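Engineer: Structure below; questions to follow.
Computed from the coordinates by the stated procedures, all read-outs in this text should not be read as laboratory data. This is a predicted model, so every value here is computed, not measured. All Cβ positions, even for glycine, are placed from backbone atoms using ideal geometry, and neighbour counts span all protein chains on display.
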Amino acid sequence: MRDNKYLRITREADFMIRQGREVARRQSLVILIVILALLGLVLGVAFADSSVTVFAAQVPTGSYVISCLMDLISGTQPCASGNEIKAGTAELVLKAHVEISSGQPAQRGSVIFQDCELKNHPAPFEACDSGSGTWSFISTMHVDTNGNAEVDYGLVSTPTTIGFRFRYLGQGSGIANGVSAPMDVTWVQ
C-alpha cells in the first residue's frame, strides 16, 4: 500500500512538472509572437498580408563636388581655367562640397581626399579610371556646417598633372556615401 501511495505521488509530481514545462513553452511562444508582431508594427509590415513588400529606407544621394583652389600670399582663390597652377608659386588646396539634391549642405560626415598614383608616382585621373593606377589616401576631414572640407595638398614645383577625387562617408548625415567625379590639376611652367 505504501509503495502504491509513493508511486501515485511520483506520477502526480511528474505530471505537474510536464504541465509546468508545457505552460513555459506556450508562454515562450506567446512572447515570441508578441515580439514579432511589435517588430512588424515598427517596420510597417502586416504579417497577414503576404503581398506587402518591405523596402529599406532610401538615403538620398548627394552632390559630391571637388574643386581646385590656390593658396597665395593674398589669400585663397580658385585655380586658373583648366585647373592650372604655375609650378612653384602657390599651394594647392582641394575643396570638397557635399549637399543633397534640394541644395541643403551636408551637416555631418567625413571626406577622404585621394590622389591618383601610377607605379608610386602621381598621375592623371585617367590612369586610375582605367585601372592601371590606384587611388591613394591623402587626408580625412570632417565637413563643416556648409558641407565643405578642405585640405592643403602643398606646393608642387615641377610641371605635372595629378588626378584627385574624394570619397564621402555620410555617418548618419542623411546623405548617402558617395564619390566625387575625378579632377585633374596641372602645374605648368
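Engineer: Determine which single condition Pro122 fails, assuming it passes every other condition in (1) surrounded by 15 or more Cβ atoms within 10 Å (Cβ to Cβ); (2) under 12 Å from Tyr168 (Cα atoms).
Structural biologist: (2)
A quick yes/no check of all residues on (1) in contact (Cβ under 8 Å) with a residue 24 or more places away in the chain; (2) within 14 Å of Phe166 (Cβ to Cβ); (3) aliphatic (A, V, I, L, M):
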| site | (1), (2), (3) |
| --- | --- |
| Ser74 | no, no, no |
| Lys95 | yes, yes, no |
| Arg108 | yes, no, no |
| Asp115 | yes, yes, no |
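Engineer: OK, next. Quick check on the stretch 129-142. Is at least one of its residues in a loop (DSSP other than H, G, I, E, B) and in contact (Cβ under 8 Å) with a residue 40 or more places away in the chain? First the steps, then the outcome.
Structural biologist: First pass over the stretch 129-142, keeping only residues in a loop (DSSP other than H, G, I, E, B): 131-133.
Among the residues that remain, those that are also in contact (Cβ under 8 Å) with a residue 40 or more places away in the chain are: none.
There is no residue in the stretch 129-142 that is in a loop (DSSP other than H, G, I, E, B) and in contact (Cβ under 8 Å) with a residue 40 or more places away in the chain.
Engineer: So, in the stretch 175-189, of the ones that are among the hydrophobic types (A, V, I, L, M, F, W, C) and either assigned to a strand (DSSP E or B) or free of Cβ contacts under 8 Å to residues at least 60 places away in the same chain (or both), which residue ends up surrounded by the most Cβ atoms within 10 Å (Cβ to Cβ)? Can you show your working first?
Structural biologist: We begin by selecting, within the stretch 175-189, every residue among the hydrophobic types (A, V, I, L, M, F, W, C); these are 175-176, 179, 181, 183, 185, 187-188.
Still in the running and either assigned to a strand (DSSP E or B) or free of Cβ contacts under 8 Å to residues at least 60 places away in the same chain (or both): 179, 183, 185, 187-188.
Working: Val179: 14, Met183: 18, Val185: 25, Trp187: 21, Val188: 12.
For the stretch 175-189, the residue satisfying everything is Val185.
Engineer: Tell me which residues, restricted to the stretch 143-152, are assigned to a strand (DSSP E or B) and aliphatic (A, V, I, L, M). Steps first, please.
Structural biologist: We begin by selecting, within the stretch 143-152, every residue assigned to a strand (DSSP E or B); these are 148-152.
If the condition is that a residue be assigned to a strand (DSSP E or B) and aliphatic (A, V, I, L, M), then Ala149, Val151 are the ones that fit.
Engineer: Restricting attention to the stretch 83-102, and to residues there that are outside any strand (DSSP E or B) and in contact with a strand residue (DSSP E or B) (Cβ under 6 Å, 6 or more places away or on another chain), which single residue is nearest to Gln189 (Cα to Cα)? Walk me through how you get there before you give the answer.
Structural biologist: Residues of the stretch 83-102 that are outside any strand (DSSP E or B), as a first pass: 83, 87-90, 101-102.
After this cut, where a residue has to be in contact with a strand residue (DSSP E or B) (Cβ under 6 Å, 6 or more places away or on another chain) as well, the list is 83, 87, 90.
Values: Asn83: 14, Ala87: 6, Ala90: 13 Å.
Per the stated criteria, the residue is Ala87.
Engineer: Output the residues belonging to the stretch 153-168 that are surrounded by 14 or more Cβ atoms within 10 Å (Cβ to Cβ) and either out of contact with any Gly (no Cβ under 9 Å at 6 or more places or on another chain) or not in a loop (DSSP other than H, G, I, E, B) (or both).
Structural biologist: Residues of the stretch 153-168 surrounded by 14 or more Cβ atoms within 10 Å (Cβ to Cβ): 153, 155-156, 160-168.
Answer for the stretch 153-168, where residues must be surrounded by 14 or more Cβ atoms within 10 Å (Cβ to Cβ) and either out of contact with any Gly (no Cβ under 9 Å at 6 or more places or on another chain) or not in a loop (DSSP other than H, G, I, E, B) (or both): Tyr153, Leu155, Thr160, Thr161, Ile162, Gly163, Phe164, Arg165, Phe166, Arg167, Tyr168.
Engineer: Same structure again: Can you spot a residue in the stretch 138-151 that is over 19 Å from Thr76 (Cβ atoms) and small (Gly, Ala, Ser)?
Structural biologist: No, there is no match, as no residue in the stretch 138-151 is over 19 Å from Thr76 (Cβ atoms) and small (Gly, Ala, Ser).
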